[in-house]
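Worksheet for the structure shown next.
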Amino acid sequence: MQQATSSYSQSIAVVTVNYGTADLAAEAVRSALRQTVDGFDVEIHLVDNASPGDDAAKFTQLHKAEAWSDRVTLYLEAENHGFGRGNNVALNALATRENPPQYVLLLNPDAMMQDGALAALVQHLEATPSAGSAGAQISKPNVGPVSAAFRFPTAMVEFVSAANIGPITRASGNKTLWMAADLATQQVDWVAGAAVMFRMKALEETGFFDPDFFLYFEEVELMWRLTQKGWPCWFVSEAKVIHVEGAATEVRSEEDVRSRKPAYWYNSRAMYYQKTSKIPGAALGRAFARLTGSLIGSTLSFVRPGKAPLPKNFYGDYMRHTVAPILGFANRGTK
């Protein structure tokens, strides 16, 4: 865990981790460079996670051609760290400064900030000193706003969300994982990691991303730890970001939903359940709550046309890569 620094600079560090999406990442950087916040300097930290192809060379060229040298720091890594560890590369570097930046924004390489987005997040954190993080409203091209604020995946939330049946959802008080796309600014459990700002003091007191996660659930677990430390999360509707979801990963929430998901998609869920469960058996309870909800939802999908199908080989992969690790069995294979 990081030790909190006594003094922070009046600056904002924007961190983007890239893997195989150099052109999109360059646009994300440019969108951040256009942001201005009264009283704050804005600096960019671009981490390339050992991308295949020529991404690193493109960034080196852009660094010179677009005069990024004064405001953009490049980290050309020799291995793919995943999302959390990739962000930790920049976060650890920032933490070594005598006066680290006051705020850090994590911006996906496939996300672009709209005018005023950075200022809106900073203004909210400035006005809400108890807040540890603040997330932006996310819109998808040709779709509009999508859910960007969520509830922590308790057993009830997992069951209700997986079943996705009107009477069950209403009986639970609408306790689904996702919250409304048109949500007003308010305190929430966690927000989309595509564009989320953290108070550096809160991160240093709580610790950065858990290195056990490769991809998925790392931001949920971090925001859970922040909340446990008394640093709640907020959704800020005034901050607007466009997100081309899933461009840098193998997983999209809606497009190609039937494709088989990688093992880490399931493994990360198991780790989250285990790391955030405070009583024996709670992790397994949450795992089976989602499994039961999925069984009910998929059964009813035969008579409910239009319900999104489960990923290919979901039940086998879920048992192997989510349930088995919780039970203590070896978790072999990556497919």
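FYI, it's all coordinate maths here, none of it is from the lab. No experiment lies behind these values; they were computed from the predicted model shown. All Cβ positions, glycine included, derive from the backbone under ideal geometry; neighbour counts span all protein chains shown.
Values as computed for the structure displayed
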| read-out | value |
| --- | --- |
| Of Lys64/Lys261; Lys140/Lys175; Lys201/Lys275; Lys175/Lys275; Lys201/Lys278; Lys175/Lys229, pairs whose Cα-Cα distance is over 27 Å | Lys64/Lys261 |
| Prolate/oblate/rounded call for the stretch 113-234, Cα gyration tensor, a/c under 1.5 rounded | oblate |
| Cα gyration tensor, the stretch 263-327 - rounded (a/c under 1.5), prolate or oblate | prolate |
| Ranked list, fewest to most other Cβ atoms within 10 Å of each Cβ, for Lys278, Lys240, Lys229, Lys140 | Lys278, Lys229, Lys140, Lys240 |
| Ranking of Asp55, Asp48, Asp182 by count of other Cβ atoms within 10 Å, fewest first | Asp182, Asp55, Asp48 |
| Packing-based exposure ordering (other Cβ within 10 Å, fewest first) of Val244, Val157 | Val244, Val157 |
| GNM result for the chain, Cα springs below 10 Å: residue of Ala65, Ala26, Ala283 fluctuating most strongly | Ala65 |
| Rounded to 5, percent antiparallel among DSSP beta bridges of the chain | 45 |
| Table column - 3J(HN,Hα) (Hz), the stretch 66-76, Karplus curve with 6.51, -1.76, 1.60, x for Gly and Pro | 9, 6, 7, 4, 6, 10, 10, 9, 9, 10, 9 |
| Placed amide H near Trp234: partners under 5 Å, 5+ positions off or other chain | Ser133, Ala134, Gly135, Val188 |
| From phi via Karplus (6.51, -1.76, 1.60), per-residue ³J(HN,Hα) for the stretch 287-292 in Hz, x at Gly/Pro | 4, 6, 5, 5, 4, 5 |
| Tensor-based shape of the stretch 1-134 (alpha-carbon gyration tensor, a/c under 1.5 rounded, otherwise prolate or oblate) | prolate |
| Around Gly84: net Lys/Arg minus Asp/Glu count, Cβ-Cβ under 15 Å | -3 |
| Separation of alpha-carbon centers, the stretch 120-181 and the stretch 1-79, rounded to whole Å | 28 |
| Residue of Tyr315, Tyr264, Tyr19 that the Gaussian network model of the chain assigns the largest fluctuation, springs spanning Cα pairs under 10 Å | Tyr315 |
| Under the Karplus curve 6.51 cos²θ - 1.76 cosθ + 1.60, θ = phi - 60°, whole-Hz ³J(HN,Hα) for the stretch 165-182, x wherever Gly or Pro sits | 10, x, x, 5, 4, 5, 5, 7, x, 6, 7, 8, 4, 8, 9, 4, 5, 9 |
| 15 Å beta-carbon shell around Val72, net charge (K/R +1, D/E -1) | -2 |
| Around Leu107: net Lys/Arg minus Asp/Glu count, Cβ-Cβ under 12 Å | -1 |
| GNM top mover of Ala90, Ala181, Ala127 - the chain, alpha-carbon springs below 10 Å | Ala127 |
| Residues with amide H under 5 Å from that of Ala50, placed H, sequence gap 5 or more | Glu77, Glu79 |
